[in-house]
Amino acid sequence: MKNIYFLSDAHLGSWALDHRRMQERRLVRFLDSIKDKAAAIYLLGDMFDFWYEYKFVVPRGYTRFLGKLSELTDMGVEVHFFTGNHDIWAFDYLERECGVILHKQPLTVELYGKIFYLAHGDGLGDPDKKFKFIRAVFHNPVCQHLFSAIHPRWGMWFGQTWAKHSRMKRPNGEEPPYMGEDREHLILYTKEYMKAHPDVDVFIYGHRHIEIDLQVSKKARAIILGDWISQFSYVVYDGDHLFMQQYIEGESVV
């Protein structure tokens, strides 16, 4: 039985990072190290810091990462790509050219006998009205069509600048720390969702850039994946055990 892997939030290409080329190589080396062990890989959003597909143009760069995704899917590994709030605008390029399975909404799926609820996490349980408004604008098909009319030179500059500003406005560019079980939006959302969906065994999210593995009921766990900027964390499920790991160069990968 092969493993199933979960990771998120690489923010590849971020203008806020000085080591972005090294970061991409590190991610690719990790994916290469698990390619013979993996039945499926779930990328739970924000793998790119800004990704917008024009009809005949896709963003510059990411050749190592995109090539590795293509190699994995050519080998028969299922690669599931969830859009996050930084790469909402993935349309059909990644599916058609790289063979990934694209998800724009949360997914409930049975894996080796357990029920998983998988989502990037943006907008789930967050009461911030400003964020909800911006998210609605970004998801609106009319707004997307209008943005497509902007020349890619300016459209990509705007998107990358916005993403950089979004990160740098936080102290040291870091996410707020874990707020506690009674205040963390994704945990509150999980507990509310469980009331109508008691069959779910494991909830896994990205988005928050913190590593959390919390038993939210006698049956269910809620996991927030961390990131691939400084933590390089991932979750592996072998059909019996589910656990979080950190990728360290030179060490063997589970």
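The values are calculated or read from the model by the stated rules, or taken from the named source; none is laboratory data. All of these numbers come straight from a predicted model, not from anything done at the bench. Using ideal geometry, Cβ is built from the backbone for each residue, glycine included, and neighbour counts are taken over all protein chains shown. Side chains included, ligands, DNA and RNA excluded: accessible areas come from the protein's heavy atoms. Shrake-Rupley method; radii C 1.70, N 1.55, O 1.52, S 1.80 Å.
Considering only residues of the range 163-184 that are of a type in the set (D, E, K, R) and part of a helix (DSSP H, G or I), which is modelled with the highest pLDDT?
In this case the residue turns out to be K164.
Hey, can you tell me all the residues within the range 226-244 that are under 16 Å from the mean Cα position of the chain (by Cα) and not hydroxyl-bearing (S, T, Y)? Lay out the reasoning, then the answer.
Quick first cut of the range 226-244, residues under 16 Å from the mean Cα position of the chain (by Cα) only: 226-236, 244.
Listed by number, the residues that qualify are G226, D227, W228, I229, Q231, F232, V235, V236, M244.
Note down all Cβ pairs under 7 Å where the first residue falls in the range 107-133 and is farther than 22 Å from E184 by Cα, the second is open to solvent by 40 Å² or more (accessible area, probe 1.4 Å) and part of a strand (DSSP E or B), and they're at least six residues apart or on different chains.
I115/T108
Out of everything in the range 187-212 that is in contact with a Ser or Thr (Cβ under 6 Å, 6 or more places away or on another chain) and either in a loop (DSSP other than H, G, I, E, B) or among the hydrophobic types (A, V, I, L, M, F, W, C) (or both), what residue ends up being farthest from P127 (Cα to Cα)?
F203
Out of (1) aromatic (F, W, Y); (2) outside any loop (DSSP other than H, G, I, E, B); (3) open to solvent by less than 50 Å² (accessible area, probe 1.4 Å), the odd one out for F243 is which?
F243 satisfies all of (1) aromatic (F, W, Y); (2) outside any loop (DSSP other than H, G, I, E, B); (3) open to solvent by less than 50 Å² (accessible area, probe 1.4 Å) except (3).
Is there any pair with a first residue in the range 208-231 that is on the phi > 0 side of the Ramachandran plot and a second that is of a type outside the set (V, I, T) and open to solvent by 20 Å² or more (accessible area, probe 1.4 Å) whose Cβ atoms are under 7 Å apart and which are 6 or more apart or on different chains, and what are they?
Hits for this filter: H209/E175; G226/E211.
Here are the criteria: (1) open to solvent by 70 Å² or more (accessible area, probe 1.4 Å); (2) within 20 Å of P106 (Cβ to Cβ); (3) in contact (Cβ under 8 Å) with a residue 60 or more places away in the chain. Tell me which single one V235 does not satisfy.
Failed condition: (1).
Just give me the residues in the range 132-162 being at pLDDT below 85 and open to solvent by 90 Å² or more (accessible area, probe 1.4 Å), in sequence order.
Matches in the range 132-162: K132, F133, H145, L146, F158, W162.
Return yes when S8 is surrounded by fewer than 22 Cβ atoms within 10 Å (Cβ to Cβ), touching a Gly at 6+ places or on another chain (Cβ under 8 Å), closer than 26 Å to G159 by Cβ and at pLDDT 95 or above and no when it is not.
Answer is no for this residue.
Which members of the range 12-27 meet the condition of being assigned to a helix (DSSP H, G or I) and either in contact (Cβ under 8 Å) with a residue 60 or more places away in the chain or open to solvent by 20 Å² or more (accessible area, probe 1.4 Å) (or both)?
R20, R21, M22, Q23, R25, R26, L27
Got a sec? Which strands (runs of 3 or more DSSP E) wholly within the range 28-131 have at least 1 residues that are of a type in the set (D, E) and open to solvent by 20 Å² or more (accessible area, probe 1.4 Å)?
78-82, 107-111
Say whether the condition of being within 19 Å of the chain's Cα centre (by Cα), assigned to a helix (DSSP H, G or I) and within 24 Å of V28 (Cβ to Cβ) is met by at least one residue in the range 145-159.
Yes - at least one qualifying residue is present in the range 145-159.
Out of the residues in the range 213-229 meeting the condition of being open to solvent by less than 20 Å² (accessible area, probe 1.4 Å) and part of a strand (DSSP E or B), tell me which one is nearest to F81 (Cα to Cα).
The extreme case among them is L225.
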